[in-house]
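K.L.:
Pasting a structure below so you can have a look.
The values are calculated or read from the model by the stated rules, or taken from the named source; none is laboratory data. Only a predicted model underlies this, so the values are computations on that prediction, with no experimental measurement involved. We place every Cβ from the backbone using ideal geometry, glycine too, and count neighbours over all the protein chains shown. Ligands, DNA and RNA are stripped out before the accessible areas are found, and what is left, the full protein with its side chains, is counted by its heavy atoms. Shrake-Rupley method; radii C 1.70, N 1.55, O 1.52, S 1.80 Å.
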Amino acid sequence: MNNYLKILTLMIFAIALNLTGCTGSKSFGIAARAGDTIAVMPGRHPDLSRADISLNIIDSEGTLIVVPGNDPSIRAYFHAFPDPLSKVIVGYETNQDIDGGEISSGQYIQGATLYDKEWMQDTLILDLPTSLATGMAVIQVNIYNADTASWETIASPLFEILPGTGEQNTFQNTQIGALTEQELRAMERANHYTVSFSGTTIPYAVEINMTHNADVDNGGAGRAYVVNPRGDIKNISWSDDGSNLTALVSPARNQILSEMKDFKFYVAGEITGLALVNAQGYDIDGNQIAVTVTVE
């Protein structure tokens, strides 16, 4: 069986989901039977994992079912992104309307993300409980806010529970078979560190030096992997010797990035103890510019 084709099937499914801004207003499909598999788009939360969410499902009779983030009925919790060649990205980045709405759509998304160009939509694949009563139901998505050390409940999509017996979606393809639970969860974000930037003057480039605990090739665990969320607007050249990681971030074209947030990148690969040593920004002529870098 071709596992690549299995994952490709899931990726196509993810791309089909709408990028709806900051908070999803409906489930994917506004009606389902109890026991069916649905998708819920609860907003944009780049750093959340299953441990940071839970669900309250309330049916038409007022029955409350609490679903923790690690419950197997939550089949996957991943992020859907627009195609890098989508009209909204190309039109917004080149400041031209291709079919008439790309600039305004891009401006809306930029506002919804607080000018972070990592455009995404959380996507939660859920098997509905089989005990739900017919009629209108609601899913409340509870999200843990690390800044306030408290749980918050976001907008609740309404949907209708139809009569009949539902069926779990196995994401079956007649040629490649069903996706396993491990393959579904493989689309979820890996453990990672977020490297973010701030400062009063936007530099042309930034050099960052970090350390971490020894990797698997040096008697420890993991292997560093740097991830650039927007390769069309910036380049990241990086190296790692097993405990020291150096990265140079610069624009993909000869133009200063529009926001300090655009320098953001991730370090994954199951390494531990990543910490900043120093960072230095430079203008286009090589003059030093002070920057603040946060690793968390």
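K.L.:
Round to the nearest 10 and report in Å² the accessible area of residue 292, as given by a 1.4 Å probe over the protein chains' heavy atoms.
P.N.:
80
K.L.:
State, in angstrom, two size descriptors of the stretch 173-220 derived from its alpha carbons: Rg to one decimal place and Dmax to the nearest whole number.
P.N.:
Over the stretch 173-220's Cα set, Rg and Dmax evaluate to 19.7, 56 Å.
K.L.:
Scan around residue 178 for amide H atoms under 5 Å from its own, H built in the peptide plane at 1.01 Å from N, and keep only partners 5 or more places away or cross-chain.
P.N.:
So residue 178 has HN proximity to 173.
K.L.:
For residue 264, what accessible area in Å² do you get when you roll a 1.4 Å probe over the heavy atoms of the protein chains, rounding to the nearest 10?
P.N.:
About 20 Å², rounded to the nearest 10.
K.L.:
Once neighbouring chains are kept in place and the probe is 1.4 Å, which whole percent of the accessible area of the chain is contributed by carbon and sulfur?
P.N.:
Carbon-and-sulfur percentage of accessible area, whole number: 52.
K.L.:
Next up: Got the relative contact order for the chain handy, in percent, Cα pairs under 8 Å and 6 or more residues apart?
P.N.:
On the way: 639 pairs, mean separation 59.2, N = 296.
20 percent.
K.L.:
Looking only at the stretch 45-76, which residues have a backbone nitrogen under 11 Å from a spot 7 Å from the Cα of residue 131 in the C-beta direction?
P.N.:
63-66
K.L.:
Here's something else I'd like to know. 5 Å is the cut-off here: which amide hydrogens, built 1.01 Å from N in the peptide plane, fall below it relative to residue 205, excluding neighbours closer than 5 in sequence?
P.N.:
282
K.L.:
Kirkwood hydrodynamic radius (Cα pairs, Å) of the stretch 102-238? Mind showing how you got there, number by number?
P.N.:
On the way: mean 1/r = 0.0484 Å⁻¹.
Computed over the stretch 102-238, the radius equals 20.7 Å.
K.L.:
On to the next question. Using a Gaussian network model of the chain whose springs link C-alpha atoms within less than 10 Å, name the residue from 191, 209, 95 with the highest mean-square fluctuation.
P.N.:
Comparing 191, 209, 95 in the GNM, the peak value goes to 95.
K.L.:
With only alpha-carbon pairs counted, each pair once and no self-pairs, how large is the Kirkwood hydrodynamic radius of the stretch 25-145 in angstroms?
P.N.:
This gives a value of 16.1 Å.
K.L.:
Need one value: the accessible area of residue 192 in square angstrom, 1.4 angstrom probe, rounded to the nearest 10.
P.N.:
Counting only protein heavy atoms, the figure is 60 Å².
K.L.:
Which residues in the stretch 65-107 have a backbone N closer than 20 Å to a point placed 7 Å from the Cα of residue 183 along the Cα-to-Cβ line?
P.N.:
Zone members listed by number: 72-80.
K.L.:
Count the lysine pairs in the chain that are 8 or more places apart or on different chains: how many have C-alpha atoms under 23 angstrom apart?
P.N.:
Details: 87/117; 87/234; 87/261; 117/234; 117/261; 117/264; 234/261; 234/264.
Lysine pairs satisfying the spacing and distance rule in the chain number 8.
K.L.:
Please report the Cα spread of the chain along all three principal axes, rounded to whole Å, starting with the longest.
P.N.:
For the chain, the Cα spread along each principal axis is 68, 54, 46 Å.
K.L.:
Per-residue HN-Hα couplings for the stretch 210-225, Karplus 6.51 cos²θ - 1.76 cosθ + 1.60 at θ = phi - 60°, whole Hz, x for Gly and Pro?
P.N.:
9, 10, 7, 4, 3, 8, 5, 7, 10, x, x, 9, x, 7, 4, 8
K.L.:
Per residue, how much accessible surface does the chain expose to a 1.4 Å probe? Answer in Å², no decimals.
P.N.:
Working: 14840 Å² over 296 residues.
Accessible surface, normalised per residue, equals 50 Å².
K.L.:
Whole-Hz Karplus ³J(HN,Hα) for the stretch 193-208, in order, using 6.51 cos²θ - 1.76 cosθ + 1.60 and θ = phi - 60°, x for Gly and Pro?
P.N.:
Going residue by residue, I get 10, 9, 10, 10, 10, 8, x, 7, 10, 6, x, 7, 9, 9, 10, 10 Hz, with x marking Gly and Pro.
K.L.:
Provide the convex hull volume over Cα atoms per residue for the stretch 87-167, in Å³.
P.N.:
165
K.L.:
Taking amide H atoms as placed 1.01 Å from N in the peptide plane, list the residues 5 or more away in sequence, or in a different chain, whose amide H sits under 5 Å from that of residue 76.
P.N.:
Counting only residues 5 or more places away or on other chains, the set is 125.
K.L.:
In nanometres, what is the gap between the two model label sites at residue 201 and residue 246, each 7 Å from Cα along Cα-to-Cβ?
P.N.:
Distance between label points: 2.4 nm.
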